[in-house]
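Working notes for the structure below.
The values are calculated or read from the model by the stated rules, or taken from the named source; none is laboratory data. All figures in this text were calculated on a predicted structure; none of them were measured in a lab. A quick note on method: Cβ atoms are made from the backbone with ideal geometry, for glycine too, and the neighbour counts reach across all protein chains shown.
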Amino acid sequence: MDMLLIVGGLLLLAALGWVLWQKRAKRADDNKSRRNNKVRSMEGLDTLMSWHPQATRVMTTPERKAYAALRAGLPEHIILAQVPLARFLKVPTRHSYSEWLRRVGVLCGDLVVCDSVSQVIAIVDIRAPEAQENESTRQRHARMDRVLKAAEIPLHVWREDAIPNATGARNAILGMPVEAPTTAPAAAATMRPVAVAPSRAPAVERIPAAAVVDDDGMEQHDPPSSTWFDEMDSAAAPLPPTPQRGGGPSIR
């Protein structure tokens with residue numbers, strides 16, 4: 001009798017386990033079916049009709065002011081705007097390049113300072129005042145900071161309300177000391193007629209006033225927020241595999 005009770009109990013437990021497994025498998029199949037249906041519905045959308053494109057500016061007003069300061073202070077350098085990190089960083093291929101691209105590759109350097117042969121020498125990131133940054137923005141900035149530090153590329157953070165002038169921009173990028181201000185009476189007392197040798201420093205390019213004027217009164221076509229990747233409300237979609245060419249993926 002006891003043996004029959006034990007066997008019956010085991011059979012009952014097995015039956016319950018089988019029912020639970022069937023319910024879990026059905027739930028998983030339903031979830032997979034819903035995902036597939038969503039993907040198919042998204043694939044059926046027209047690229048232009050469903051996401052109507054509209055031209056916007058590449059830089060915000062503070063970024064344009066910083067760009068003008070860099071152009072004026074560093075005329076012998078190349079200044080680029082909104083360059084993805086993946087465009088000027090190379091990484092090993094022992095791990096998924098698509099995963100690295102998802103994590104870091106969508107981040108952009110607001111202003112990229114290059115030498116005459118387009119080698120990146122510094123990144124200038126224009127950020128809102130620290131008190132206005134939310135947690136996701138701080139995390140994104142911290143990730144960019146770590147990546148650029150590991151790549152040994154200097155990062156200069158300029159706040160939107162404290163953009164330097166051309167001289168300050170040049171001194172910051174080239175690591176030149178900032179001269180202390182001198183009062184007018186003291187300067188007049190120490191002035192002596194001296195022969196000044198011609199400077200070998202390149203002439204600072206003058207930017208027309210129209211290039212740096214504040215255009216807050218104009219019709220705004222500002223670029224998408226730099227936090228667009230953090231704020232997307234759509235589900236994360238896996239990136240397509242990197243095509244294999246020869247011995248491995250071609251990484252720029």
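Of the residues examined, Ala172 is one that is crowded, with 18+ Cβ neighbours inside 10 Å and assigned to a helix (DSSP H, G or I). Looking across segment 42-60, just one residue is over 21 Å from Ile173 (Cβ atoms) and either surrounded by 15 or more Cβ atoms within 10 Å (Cβ to Cβ) or within 17 Å of the chain's Cα centre (by Cα) (or both), and that is Arg57. For segment 98-108, the criterion of being out of contact with any Lys or Arg (no Cβ under 6 Å at 6 or more places or on another chain), surrounded by fewer than 17 Cβ atoms within 10 Å (Cβ to Cβ), part of a strand (DSSP E or B) and in the same structural domain as Arg64 (by TED's automatic domain parsing) is met by no residue. Residues in segment 154-169 that are surrounded by 11 or more Cβ atoms within 10 Å (Cβ to Cβ) and free of Cβ contacts under 8 Å to residues at least 60 places away in the same chain: Pro154, Leu155, His156, Val157, Arg159.
Of all residues in segment 94-114, those that are at pLDDT 85 or above and in contact with a strand residue (DSSP E or B) (Cβ under 8 Å, 6 or more places away or on another chain) total 8. Is it fair to say Gln82 is touching a helix residue (DSSP H, G or I) at 6+ places or on another chain (Cβ under 9 Å) and surrounded by fewer than 16 Cβ atoms within 10 Å (Cβ to Cβ)? Judged against the criteria, Gln82 is a match. Taking the criterion of being over 12 Å from the mean Cα position of the chain (by Cα) and surrounded by 12 or more Cβ atoms within 10 Å (Cβ to Cβ), the residues of segment 139-153 that qualify are Ala151, Ile153.
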